[in-house]
Amino acid sequence: ILPSLQECMGMRIYKQSDALEWLSSKIKSGAPGTSHVMGGGGRGGVRGAKVYGGGYRRSKVDEVREILANLVLSHVRVVSYDYRDKVCYIAVMIRRIFGAMLDPSEFDDKDYYGNKRLELAG
């Protein structure tokens with residue numbers, strides 16, 4: 001983890017807003033899974049320039065928020081851009097990876113036939 005944190009410090013990414021700006025520089029405008037132009041009205045607080053047809057063109061930071069909320073770990077729900085559940089899920093995955101690295105007996109192969117639950121007739 002330390003090399004990742006050092007890399008962030010080297011790029012001067014200290015806050016969530018810095019990370020969103022950095023991620024926004026890595027996506028193409030109108031990335032798959034994001035609606036680049038919202039219809040008239042939309043959600044309250046949508047920032048951006050008004051475009052032809054009454055819609056609003058969202059900023060790249062807003063697109064990054066949409067991608068994180070809807071595409072990354074899409075089965076974990078995000079309400080009002082509160083990523084707490086996704087962060088906890090990722091933390092559990094990282095913890096299991098570290099556990100498997102330190103003690104290989106903790107690693108469970110879900111595809112291994114011996115780990116399957118079988119229901120037998122009778």
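Here, each number is a calculation from the coordinates, and none is a lab measurement. Everything quoted here is computed from the prediction, not taken from an experiment. No Cβ is skipped: glycine too gets one built from the backbone with ideal geometry, and neighbour counts run over all protein chains shown.
For this structure, a couple of remarks:
- Using a simple spin-label model with pseudo-atoms 7 Å out from Cα toward Cβ, Gln16 and Asp82 lie 1.1 nm apart.
- Per-residue packing, averaged as other Cβ atoms within 10 Å, sorts the ranges 71-81, 101-111 into the order 71-81, 101-111, beginning with the highest.
- For the stretch 102-113, Karplus couplings with θ = phi - 60° (6.51, -1.76, 1.60), whole Hz, Gly/Pro x: 7, 9, x, 5, 6, 5, 10, 8, 5, 8, 5, 4
- Each label was represented as a point 7 Å from its Cα along the Cα-to-Cβ direction; for Arg117 and Ile97 these points are 2.8 nm apart.
- FRET efficiency, 1/(1 + (r/R0)^6) with R0 22 Å, evaluated for Tyr89 and Glu7 via beta carbons: 0.45
- Most positive-pole-ward Cα, Pro104, Tyr81, Ala91, against dipole of the stretch 80-119 from beta carbon charges: Tyr81
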